[in-house]
Amino acid sequence: MKYVQHINKLISDKVLEKEQLVLFGQNISAGSCISGLTKNLKIQKNSIIINTPNCENSLCGIGFGLMLNGVDSIFFMKQQDFLLLGIDHLVNTYNFIRLKNPSASFTIMFVVVDMGYQGLQSSLNNFGDFCSIARIPGFTITNKVDAEQIISKHLVSPGFRLIGISQRLFNEELIDLSLIKSNEDKTIFQYFEGNDTTIVCFNLSLPYGLELYQKLKEKKHNSSLFSVNAVTPIKWNDIIENVKKTKKLVVIDDSKSENLSCDNFINDVLNECKLEKKVIIKKLFSENWLWPNPDKLEINYDEIMNRLK
Amino acid sequence: MNSTKNEIAEQILRLRFNQMIINEKYKNKEFVIPIHLALGHEAIAVCVDIIMEDCDQLVLSHRNIHYNLAREKNLKCEIDEFLLKKEGLAKGQLGSMNLTNEKKGIMYASSILGNNLSVAAGLAFGKKVKKESGVVIVVTGDGAIEEGSFYESLLFAKSNNLPLIMIVENNDWSLATRIEERRCIINLKNFVGSLGISYELLKGNDIYSYIKKLESLRGYALSNNTPVCIEVNLTTLGSWCQIVEGYPNGKFINYHAGPAPKINIEGGPIIENSENDPIFVLKTFFGDEQFKKMSNKVLNDIKDEIK
């Protein structure tokens, strides 16, 4: 099964459970339905699906207006960069709404352009920036299990949040991992436990971390693998305890922000742990950001494995 | 319309005096938050209060004092809010520009130009989903209609058959620039007409005719499930002339926010002897003596309330 098919199935199941739910966005029930993300959605009789005009700013305000009147809604958006037009609402309107502790749910779910073939739009692989601008809860989806847990807990739930999915993974085979544990907020997921190295993946970088884990495993080097799927303040205790044990840390963050989610973590882990080895992999700014290109993180796995020896 | 002619007159006088009292306190530097007085906007605010039914909702902008006072009818809790006291209308948490009052149907207020329009459309959409009756009234201005959200929100409301009443308070000014200084003329009738939305112009500050027209438009919006746009020509009173070099007659300062230094409550409720002032227009419906008697009664009542 493809990544997008799995997420579509989870959305379908969830929205069918809910009454009086508004699903809205551009072409969400027409054409390709956001390349399959919102395909064949079935809803309860008193719910609504609408294809909206192209007015992203106002659509954000409309979601908050629905929320003020106690109506749950999901705004599906083809690409994260469209949300730039709605930032006023993400900050100013959300600040008002959260004072009221609303019982209704408003979720904006969008595709993060984390591959570079769209040129300038691809420079906005900055999910964390959208969340940090007003401390908005936000969750990224990378695989079968985090998709299940995040959509189940957060897609329709009191309050407001952003959910980002990966364009790079969109039509890839779904990553299916066994979960060791996740925290209550579904912000940290642990997939493997090992004594040799701790690998922590941020944003949408789990596939890179998984590849490193597998290559290390082939060399009889057992790692712990974590994915941090959110940027709002997180308690790092479980990961820090793991790092204290392994004393070797690899951090991977494929976001293009200058305020990386992983920086908070690195700050805390350096304060609390004595590390023997540390590898931090981030996006480096280059002119490539500004024209179409694969935009993959360039990781020399052999070099990293040598450094971790 | 259940209110009598005199009750309406007292309500509009009350709103004027309420603002004048706040202005006096503002001049005495009692407030640390920015407040946008709306002297001269009283007719439309009282009109909205009178035509609103319990099922209706109101969405405001940063200049919302007139609607909040008209709806709540309690000056003390508004002053306490501006003083950021716990006894304030919103427990001192919202101050002025975002002040709301859910019990009176005021659901949202925003200090960001044009921000409130789409939230109002969302509220109206929520009513439709929940099959609730009533209209959503949203107040904006001639500055905010320059924002794209004005067009977007009308487009959404019309496309989804939402009874949304959009009131455009046109005072000609956006902070320190007149319309002619910052943009071309927008023919609102033609503009909203291009989306199939009805338009009405209110001018002259005759509260009694405003009420009849707004009641009729509310009924039209509800029975046709459609947005309507109402432009209200008005003057924000409180301008003054600053003595500066190069301006022999003083430099004109348009009132935008803060205290209005030249307005004094001792001078009575009328600020300008022209139809720019709704209180001046109101007086024409009553004899001098009756108007004076009514004014004194309203002012004394308010003073008793806030002792």
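Each value in this text was obtained by applying a stated rule to the coordinates, not by laboratory testing. Source: prediction; values computed, not measured. Using ideal geometry, Cβ is built from the backbone for each residue, glycine included, and neighbour counts are taken over all protein chains shown.
Key figures
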{"read-out": "Qualifying chymotrypsin sites (Phe, Trp or Tyr not before Pro) in the stretch B:1-93, DSSP loop, other Cβ atoms within 10 Å at most 12", "value": "none"}
{"read-out": "Calculated from backbone phi, Karplus (6.51, -1.76, 1.60) coupling profile of the stretch A:97-111 in Hz, x at Gly/Pro", "value": "4, 6, 4, 8, 6, x, 8, 7, 10, 9, 10, 10, 10, 9, 8"}
{"read-out": "Built amide H within the under 5 Å cut-off of A:Lys2, gap 5+", "value": "A:Leu174"}
{"read-out": "With Cα atoms, 0 to 90° folded angle of helix B:115-129 axis to chain B main axis", "value": "50 degrees"}
{"read-out": "Chain B, relative contact order in percent, only Cα pairs under 8 angstrom and at least six apart counted", "value": "21 percent"}
{"read-out": "Packing-based exposure ordering (other Cβ within 10 Å, fewest first) of A:Thr187, A:Thr232", "value": "A:Thr232, A:Thr187"}
{"read-out": "The stretch A:171-219: trypsin sites (Lys or Arg not before Pro) in DSSP loop, at most 12 other beta carbons within 10 Å", "value": "A:Lys219"}
{"read-out": "Computed magnitude of the charge dipole of the stretch A:3-166 (debye, nearest 20; Cβ of K, R +1, Cβ of D, E -1)", "value": "340 debye"}
{"read-out": "Those trypsin sites (Lys or Arg not before Pro) in the stretch A:26-86 that DSSP places in a loop and that have at most 15 other beta carbons within 10 Å", "value": "A:Lys42, A:Lys45"}
{"read-out": "Selection from A:Met115, A:Gln44, A:Ala30, by position along the positive dipole direction of the stretch A:1-144 (Cβ)", "value": "A:Gln44"}
{"read-out": "Proximal aspartates and glutamates relative to A:Lys42, as straight alpha-carbon distance under 15 Å, when same-chain residues fewer than 8 apart are discounted", "value": "A:Asp13, A:Glu17, A:Glu19"}
{"read-out": "Listed residues A:Tyr191, A:Pro158, A:Cys262: farthest to the positive end of the dipole of chain A (Cβ charges)", "value": "A:Tyr191"}
{"read-out": "Check: chain B dipole with +1 on Lys, Arg Cβ and -1 on Asp, Glu Cβ, in debye", "value": "440 debye"}
{"read-out": "Subset of B:Lys27/B:Lys73; B:Lys103/B:Lys262; A:Lys14/A:Lys245; B:Lys25/B:Lys297; B:Lys76/B:Lys262; B:Lys76/B:Lys283 violating a 29 Å alpha-carbon distance limit", "value": "B:Lys103/B:Lys262; A:Lys14/A:Lys245"}
{"read-out": "Per-pair calculated FRET efficiency, R0 = 51 Å: B:Lys86 and A:Asp176 via Cβ, rounded to 0.05", "value": "0.40"}
{"read-out": "Rounded if a/c under 1.5, otherwise prolate or oblate - the stretch A:1-79, Cα gyration tensor axes", "value": "oblate"}
{"read-out": "Amide H partners (placed H, <5 Å) of A:Val250, local residues excluded", "value": "A:Thr198, A:Ile199, A:Val200, A:Val279"}
{"read-out": "Within straight-line cross-link reach of B:Lys5, aspartates and glutamates at Cα separation under 17 Å, skipping those fewer than 8 residues along the same chain", "value": "B:Glu42, B:Asp49, B:Asp206, B:Glu215, B:Asp288, B:Glu289"}
{"read-out": "Degrees separating the helix B:148-159 axis from the principal Cα axis of chain B, which is the longest one", "value": "50 degrees"}
{"read-out": "Degrees between helix A:56-68 axis and first principal axis of chain A (Cα, 0 to 90, nearest 10)", "value": "80 degrees"}
